[in-house]
Amino acid sequence: MEKRVIELDRFLPRPYQQKLVNAFEAGKIKRFVAIWPRRAGKDICALNLLVRAALRRVGTYFYIFPTFSSGRRILWESIDISGHRVMQHYIPDDIVESRNEQMMRIRLINGSQIQILGSDNFDNSLIGTNAIGMVFSEYALQDPRAWSFSIPILKASNGWALFASTVRGRN
């Protein structure tokens, strides 16, 4: 099979995001935490890291929000400040085999799948999966049982998790 070079050059990390990007790209760490203020680009940064990982290693990747509907609103249907639809801009059509709007799932040309889920339904969403990577967005608002449920999945797959959140009071 011929290797294809794919350039993902639409995301340029902000200076404070660079340390996370470098650590993630080095591939030696399995758990990441980004606690940044509102409007700091947590989801754009995390999505781009997830897409890069999905292109390197074929598998299932989950992007988990507090609720399924918040995932649809915050990421799946989101438009960035430049007027681009986030999912189409950072996951361009030339690397997409198919998109399932109802399930918020994208299958990449290499066979990897990226799906948006809600931690409010973690037991039905994660049962029987073999995810390799998971992003927990707005983790401070999530059901913590979703993470507990995910630990053995990621241990079995030698996978990674990224927790992105804004500080919210007493958490």
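Per-structure values
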{"item": "The chain, accessible surface, carbon-and-sulfur percent (1.4 angstrom probe)", "result": "52 percent"}
{"item": "Normalised contact order of the chain, rounded percent, pairs of Cα under 8 Å and 6 or more residues apart", "result": "29 percent"}
{"item": "Listed residues Leu20, Leu141 arranged by accessible area, highest first, probe 1.4 Å", "result": "Leu141, Leu20"}
{"item": "Value of [θ]222 nm, deg cm²/dmol, for the chain, DSSP H segments ≥ 4, -39500 (n - 2.57) each, nearest 500", "result": "-8000 deg cm²/dmol"}
{"item": "Distant-in-sequence amide H partners of Phe11 (H built 1.01 Å from N, under 5 Å)", "result": "none"}
{"item": "Dmax and Rg, reported as Rg then Dmax, of region 53-148 (C-alpha, Å)", "result": "13.2, 39"}
{"item": "For Kirkwood radius over Cα pairs in Å, calculated from these coordinates, the label among (1) 16.2; (2) 16.7; (3) 19.2", "result": "(1)"}
{"item": "Cα shape, region 4-83, gyration tensor, a/c 1.5 rule", "result": "rounded"}
{"item": "Pairs of lysine residues in the chain - Cα separation under 25 Å, sequence separation of 8 or more or cross-chain", "result": "10"}
{"item": "The chain - accessible surface per residue (Å², probe 1.4 Å)", "result": "55 Å²"}
{"item": "Inter-label distance, nm, simple model (7 Å from Cα along the C-beta direction), Ile35/Ile81", "result": "2.4 nm"}
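The values are calculated or read from the model by the stated rules, or taken from the named source; none is laboratory data. The model shown is predicted, which means the values in this text are computed figures rather than measured ones. In this analysis, Cβ positions are derived from the backbone assuming ideal geometry, glycine residues included, and neighbour counts consider all displayed protein chains. Surface areas here come from the heavy atoms of the whole protein model, side chains and all, with no ligands, DNA or RNA. Shrake-Rupley method; radii C 1.70, N 1.55, O 1.52, S 1.80 Å.
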